[in-house]
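Note sheet for the following structure.
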Amino acid sequence: MKRIDHIGIAVPSIEEAIPFYRDVLGLEMEGEEVVEGQQVRVAFFAIGGSRIELLEPTSDRSPIAAFLRKRGAGIHHIAYECADLDDRLESLAREGVRLIDRRARRGAHGMRIAFLHPKGSGGVLTELCEGSGPRGDAGSADSPRG
Ligand code: CO
């Protein structure tokens, strides 16, 4: 594991959440992106080499919509960057760790991501990601806003 890539925070409205992160904490907002596969809109704030990612559902069927109904707004997941996601997933599966994604899929910033099951990680939804590009990393098929 290389570092914490981002912390995902579920919010009912990115627009309403922005002032706290931008004005109160003084973080720099990097941009927004819609991740169609997860039915979320994501807003990014840079902090050191990591990000805070606000996650707003774009539909009632979004996993973030379900999370908000069940637990309300708050921390949704922690994402760790690793260098060898496919190998890592394979060895976790072999060790019997519960995975939501047995294979990597496409996340924001064009990264490859996979989630571990929170039941196997002390109730914390854990994301592994690979290929976190420099800021402005655009052009994935899932990021119509670039
Ligand atoms: Co994430």
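Side notes on the structure shown:
- Residues that are within 13 Å of the ligand (Cβ to nearest atom) and of a type outside the set (A, V, I, L, M, F, W, C) were ranked within the stretch 111-128; the one that is nearest to the chain's Cα centre (by Cα) is Glu127.
- The set of residues in the stretch 7-28 that are open to solvent by 60 Å² or more (accessible area, probe 1.4 Å), out of contact with any helix residue (DSSP H, G or I) (no Cβ under 8 Å at 6 or more places or on another chain) and either under 13 Å from Leu55 (Cβ atoms) or of a type in the set (Phe, Trp, Tyr) (or both) contains only Phe20.
- Meets criteria (more than 14 Å from the ligand (Cβ to nearest atom), in contact with an Asp or Glu (Cβ under 7 Å, 6 or more places away or on another chain) and either at pLDDT below 95 or not hydroxyl-bearing (Ser, Thr, Tyr) (or both)) for Ala46: yes
- Test: residue in the stretch 25-48 that is in contact (Cβ under 8 Å) with a residue 40 or more places away in the chain, acidic (Asp, Glu) and under 13 Å from Cys129 (Cβ atoms): no
- So Gly37, is it open to solvent by 40 Å² or more (accessible area, probe 1.4 Å), within 13 Å of the ligand (Cβ to nearest atom) and of a type outside the set (A, V, I, L, M, F, W, C): yes
- Any hit, the stretch 4-16, residues being free of Cβ contacts under 8 Å to residues at least 12 places away in the same chain and farther than 16 Å from Leu116 by Cα: yes
- Applying the condition of being exposed (fewer than 13 other Cβ atoms within 10 Å of the Cβ) and under 14 Å from Leu125 (Cα atoms) to the stretch 63-74 and asking which residue is farthest from the ligand (Cβ to nearest atom) yields Arg71.
The values are calculated or read from the model by the stated rules, or taken from the named source; none is laboratory data. Just so you know, these numbers come straight off a predicted model, no measurement behind them. When we count neighbours, we look across all protein chains shown, and the Cβ atoms used for this are built from the backbone with ideal geometry, even at glycine. Calculation scope for accessible area: heavy atoms of the full protein, side chains included, ligands and nucleic acids excluded. Shrake-Rupley method; radii C 1.70, N 1.55, O 1.52, S 1.80 Å.
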